[in-house]
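Everything below concerns the one structure shown next.
The values are calculated or read from the model by the stated rules, or taken from the named source; none is laboratory data. The structure presented is a predicted model; accordingly, all values stated were derived computationally and were not measured. For neighbour counting, all protein chains shown are included, and Cβ atoms are generated from backbone atoms with ideal geometry for every residue, glycine included. Heads up: the accessible areas ignore ligands, DNA and RNA and are worked out on the full protein's heavy atoms, side chains in. Shrake-Rupley method; radii C 1.70, N 1.55, O 1.52, S 1.80 Å.
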Amino acid sequence: MGAPAGLPAVMRLYVETYGCQMNVADTELICGLLAGEGFESTTDPSRADVLLVNTCAVRDNAEQRVIGRLSELRRYKRPGIVLGVVGCMAQRLGQQLLDRVSHVDLVIGPDGYRALPELIEGARRGNRATETRFKAWEHYEDVPALRGDGPRAFVTVQRGCDYRCTFCVVPITRGRERSRRLADVVAEVENLVDHGISEVTLLGQTVNSYNDGQHDFADLLSAVGTVEGIRRVRYTSPHPNDFSERVLLAMATVPTVCEHVHLPVQSGSSHILKRMGRRYDRRQYEECVANLRRSIPNLAITTDIIVGFPGETEEDFLATESLVRQIGFDDAFTFKYSQREGTGAVRLPAQVPEATKGERLERIIATVREIACSRNLQLIGSREEVLVEGLARRGELLQSRTRANKVVLISGPAEWIGSYLTVRLTGTTGATFTGVPSAAGKELTIVG
Ligand code: 5AD
């Protein structure tokens, strides 16, 4: 009723998200922004009036996957149906993407989402467009994110990145670093509590360099961590150089801040770290971990590792393996180096052959698994507080998580979702655990 002829009364939006947690959070902003324009979300692309793919540019295979997916989504393109590419790959390729993929209507980078309603409107009339201007002030402060169900939420506190790691495309795709005002973050978290959220993950490219001009990351942890109703605070990803004494103190003294840090190391070889422009060497990384462990007992540490960076010799690679053993990472994301246009490492000599990268990746994965498994086996029998997050992917079990970010599958009714329980860890696959709810000292009988 009331819709102009030929236009559906309600526009349906379908979004697919690739890449990091910040992309997930950006998708929630996009959905919130378009919900404000009357769009309804759908999980069925065949029913959508607007299809968006929120993309990652950090490795070439992430982009190739999107190109493949765009071909598949072509089947949903009919006159009046809009297909848009948003996010980091959109920012990186801009007009090139419109030129190369003829059925794509819109290409919009991470700072351009406010233009979506207008550009969608134009695209429905046949105007293909790109929006890739950086906006150093943009935090989408007035846009209410549309989040999924569950007790956990992502909260972006910082956008962009001022580091210049030579492998990394992110400064090119997300622009300069800027932080939201602490008061705005706290107001958002208070609002989340009102909507049943008790765990937040603060997001930023180098999140512990957060600074709004008046407050640093330590202030932010304290402020968010003491919002009434917040029981768990996590953050990702910090940079080793930004762990000030103040941040360590906040982690140690704010009880809601969880005992887990995802601290990307990238390589265990000082020679490679220097070529990566990481601004720390192996010894400094080890010291950072030692300081963290001294401040926070039972801290779980996970990391990111790149193998096959230009100039990486077998000896450099072995140094990374030895660091994995020495630190005893609880887990790691491992990647083959991927050349990114416009980054410093593209010009570096001694690119590593693909076969060597593949072989090193397999070896590092095996080492990470072995170390993670042996650490996890030591936890069997211990009691942990878990937050029940939702249904496990397979079977009838519930998925829950410890403060140290270990996934524990438990059996119980769906009513437990969103609540905190004490469980005894009964087994592990090496990566995830099984657990049984327990009260101090005795097992609970599970009814139903
Ligand atoms: N090649 C491979 N991995 C990369 N990462 C970032 N850039 C590249 C690249 N060019 C990895 C890093 C980073 C994670 C998000 O992605 O390990 O921490």
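For the residues Lys135, Lys274, Lys406, Lys336, a 1.4 Å probe over the protein chains yields an accessible-area ranking, largest first, of Lys274, Lys336, Lys135, Lys406.
At an R0 of 22 angstrom, the distance between the Cβ atoms of Ser244 and Glu190 translates into a FRET efficiency of 0.25.
Rounded, prolate or oblate: which one fits segment 281-349, using the alpha carbon gyration tensor with axes a ≥ b ≥ c (rounded when a/c is under 1.5, else prolate when a/b beats b/c, else oblate)? Prolate.
GNM on the chain, alpha-carbon springs under 10 angstrom: the most fluctuating residue among Pro349, Pro151, Pro413 is Pro349.
First check a/c for the chain, with a ≥ b ≥ c the square roots of the eigenvalues of its C-alpha gyration tensor; if it is under 1.5, answer rounded, and if not, answer prolate when a/b is larger than b/c or oblate otherwise. It comes out oblate by the Cα gyration axes.
Asp49 sits among other residues whose Cβ lies under 9 Å from its own Cβ, and their net charge, with Lys and Arg +1 and Asp and Glu -1, is +3. All other residues whose Cβ lies under 14 angstrom from that of Leu318 are scored, Lys and Arg at +1 and Asp and Glu at -1, for a net of -2.
DSSP beta bridges fully contained in the chain are about 35 percent antiparallel. Per residue, the average separation of C-alpha pairs within less than 8 Å and at least 6 apart gives segment 202-335 a relative contact order of 23 percent.
Could you compute the net charge surrounding Asn405? Neighbours are other residues with a C-beta less than 14 Å from the C-beta of Asn405; K and R count +1, D and E count -1. Net charge in that neighbourhood comes out at 0.
Rounded, prolate or oblate: pick one for segment 150-258, where a ≥ b ≥ c are the square roots of the eigenvalues of its C-alpha gyration tensor, a/c under 1.5 means rounded, and failing that, prolate if a/b is larger than b/c, else oblate. The shape class here is prolate. With a simple spin-label model that places each label point 7 Å from the Cα along the Cα-to-Cβ direction, the separation between Ser411 and Ala350 comes to 5.6 nm. With all protein chains kept in place, the per residue accessible area of segment 338-426 amounts to 54 square angstrom at a probe of 1.4 angstrom.
When the chain is treated as a Gaussian network with alpha carbon springs shorter than 10 Å, the biggest mean-square fluctuation among Gly94, Gly268, Gly229 belongs to Gly229.
Restricting to Cα pairs below 8 Å that are 6+ residues apart, what does the relative contact order work out to for the chain? Please round to a whole percent. In percent, rounded to a whole number, it is 10. In the context of the full set of protein chains, segment 49-173 has a per residue accessible area of 42 Å² (1.4 Å probe). Each residue, Glu362 and Phe134, gets one label point 7 Å from its Cα in the Cβ direction; the gap between the two is 4.1 nm. Carbon and sulfur together cover what percent of the accessible area of the chain at a 1.4 Å probe radius? Here it works out to 50 percent.
Membrane-span-like helices of the chain, defined as complete DSSP H segments with a Cα extent of 27 Å or more along the helix axis and a mean Kyte hydropathy of at least 1.6, are absent. Accessible area per residue (1.4 Å probe, heavy atoms of protein chains only) ranks Thr320, Thr166, Thr43 as Thr43, Thr166, Thr320, with the largest value leading.
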